[in-house]
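J.: This structure is in structure tokens; I'll ask about it shortly.
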Ligand SMILES: [Zn+2]
């Protein structure tokens, strides 16, 4: 899913574990659960508008992608004290899309990227989705499916408002 969704999930996880656990378990559990949350959240991206390729000719695609990116950056600044949860809930994206993709582009002479390469964390997402969420509809090209992600975002914001100290 998108940056804003992973950021809010990381914040909610850190808030929860820092309320209910003491040192060092609050730190350890935040790191582990925030990291794992990325795979669960991404596995559900099948029921959200999430085209694998960019559509620069489509105003809807551009508006949606700018909104989720910019709101993600704003959330990072607002919730800076919860950097640990935010960092680990976004780590698979940071690793795959900035580091591994860059290395692959440089290594492969034709500039092609092999997304099934073992170095990609997101291979795990595909496995989880195929093994457990195969029954969900595939809405990645359905524009109205942004509503699903918006509902998830609102639910996460409500959770944060309720729990934030
Ligand atoms: Zn991801």
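J.: Any chance you could run the full-extension gain for residue 108 through residue 123? It's 0.36 nm times the residue separation minus the Cα-Cα distance, nm to one decimal.
T.: The residue 108-residue 123 span can extend by a further 3.5 nm.
J.: Also: Taking Cα atoms, how many degrees apart are the long axis of helix 59-78 and the longest axis of the chain, rounded to 10 and kept between 0 and 90?
T.: 30
J.: Just to be sure I understand the curve: with the Debye formula and one point per C-alpha of the stretch 116-158, what is log10 I(q)/I(0) at q = 0.19, 0.28 Å⁻¹?
T.: Scattering profile of the stretch 116-158, log10 relative to I(0): -0.81, -0.94.
J.: How far is helix 83-93 tilted, in degrees, relative to the longest principal axis of the Cα atoms in the chain, given as a value from 0 to 90 rounded to the nearest 10?
T.: The two axes meet at around 20 degrees.
J.: Related question: Using Cα pairs under 8 angstrom and six or more residues apart, how large is the relative contact order of the stretch 18-165, in percent?
T.: Rounded, it is 40 percent for the stretch 18-165.
J.: Hey, another quick one. Would you calculate the separation in nanometres between label points at residue 163 and residue 22, each defined as 7 Å from the Cα along the Cα-to-beta-carbon direction?
T.: Taking the simple label geometry, residue 163 and residue 22 are separated by 2.1 nm.
J.: In Å³ and rounded to a whole number, note down the convex hull volume per residue for the Cα atoms of the stretch 1-76.
T.: On the way: hull volume 6.5 nm³, N = 76.
In the stretch 1-76, the Cα convex hull volume per residue is 85 Å³.
J.: Quick check: convex hull over the Cα atoms of the chain, volume per residue in Å³, rounded to an integer?
T.: Per residue, the Cα convex hull of the chain comes to 132 Å³.
J.: Multiply the residue separation of residue 135 and residue 57 by 0.36 nm, subtract the distance between their alpha-carbon atoms, and state the gained length in nm to one decimal.
T.: Length gained, residue 135 through residue 57: 24.9 nm.
J.: Would you mind classifying the stretch 42-136 by shape? Square roots of the alpha carbon gyration tensor eigenvalues, ordered a ≥ b ≥ c; an a/c under 1.5 is rounded, otherwise it is prolate if a/b is larger than b/c and oblate if not.
T.: Cα axes put the stretch 42-136 in the rounded bin.
J.: Can you tell me which of 129-138, 148-157 comes out highest on packing, and rank the rest after it, using the mean Cβ neighbours within 10 Å?
T.: 148-157, 129-138
J.: Which order, highest average first, do 119-126, 58-65, 83-90 follow once you tally other Cβ atoms within 10 Å for each residue and take the mean per peptide?
T.: Highest to lowest by the protection proxy: 83-90, 119-126, 58-65.
J.: Roughly how tilted is helix 146-163, in degrees to the nearest 10 and between 0 and 90, from the longest Cα axis of the chain?
T.: Result, in degrees: 20.
Values quoted throughout were computed directly from the atomic coordinates according to the rules given, and no laboratory measurement underlies them. These numbers were taken from a predicted model, which means no experiment stands behind them. For neighbour counting, all protein chains shown are included, and Cβ atoms are generated from backbone atoms with ideal geometry for every residue, glycine included.
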